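All remarks here apply to the structure that follows.
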Amino acid sequence: MSKPITARNGALTVIAVLMLGSAVLRVGFEAGPAIAREINTERPEAPKDEMSPKVTETAVEYQKLLAALQEREQNLARRESQIEERAKALAVADEAIEQKLAALTEAEEALRETIALADVAAEDDLTRLTDVYEQMKPKESAALFEEMDPDFAAGFLARMRPEAAAGIMAGLSPTAAYTISVVLAGRNANVPDD
């Protein structure tokens, strides 16, 4: 009879161990979430409903700000492009103006040279013609001077040697001599005195 009691004790021991293991496992599986719930209740969090509108409002504000900044960046890029185009147009216009100024400067210099040549040629012609009138007999040249415009005649007489001019003036009619004398006398009347 001693054997059946021992076997019975062994079976009971096994059952007791199994139950004890089952209890430990249950406590372990159920205790973890319970402990976690307990920790969460000890540390109060702000309710999600209260944070949600603030997060949403902040996100909307950031989106509006980002959209405004992007629009401003696009406007600045467009403006910068316009300024670059204007700068290029001004550079082209400046270059064209510089070329035209250079051409005008060349033309002005050529005109000065032409005028200088014409002045020299005219002066040479007047000098020769004055010499011709001086070489003529006073009576012959006086007849020509009588027909000339008084300003024109005064110009020649002013260039001649005084003796030749006097001979021509002596051969002129009193009216022509007087008119030419007035023109000669009035030539330097408007020159300022020093």
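The values are calculated or read from the model by the stated rules, or taken from the named source; none is laboratory data. Everything numeric here is computed off the predicted structure, so don't read it as measured data. As a convention, Cβ positions derive from the backbone with ideal geometry for all residues, glycine included, and neighbour counts pool all protein chains shown. Areas reflect the complete protein model, heavy atoms only, side chains present, ligands, DNA and RNA absent. Shrake-Rupley method; radii C 1.70, N 1.55, O 1.52, S 1.80 Å.
What the table below lists for this structure:
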read-out: Qualifying residue in the stretch 170-180 (condition: in a helix (DSSP H, G or I), at pLDDT 90 or above, buried (at least 17 other Cβ atoms within 10 Å of the Cβ) and among the polar types (S, T, N, Q)); value: yes
read-out: Check on residue 136, out of contact with any helix residue (DSSP H, G or I) (no Cβ under 6 Å at 6 or more places or on another chain) and open to solvent by less than 60 Å² (accessible area, probe 1.4 Å); value: yes
read-out: Cβ pairs under 6 Å, 6+ apart, first in the stretch 169-182 and over 16 Å from residue 137 (Cα atoms), second among the hydrophobic types (A, V, I, L, M, F, W, C); value: 177/169; 180/153; 180/154
read-out: Residue check, residue 119 at pLDDT below 90 and among the charged types (D, E, K, R); value: yes
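Let's see how each residue does on (1) under 17 Å from residue 183 (Cα atoms); (2) in contact (Cβ under 8 Å) with a residue 60 or more places away in the chain; (3) aliphatic (A, V, I, L, M):
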| residue | (1), (2), (3) |
| --- | --- |
| 105 | no, no, no |
| 110 | no, no, yes |
| 113 | no, no, no |
| 130 | no, no, no |
| 135 | no, no, no |
| 146 | yes, no, no |
| 155 | yes, no, no |
| 162 | yes, no, no |
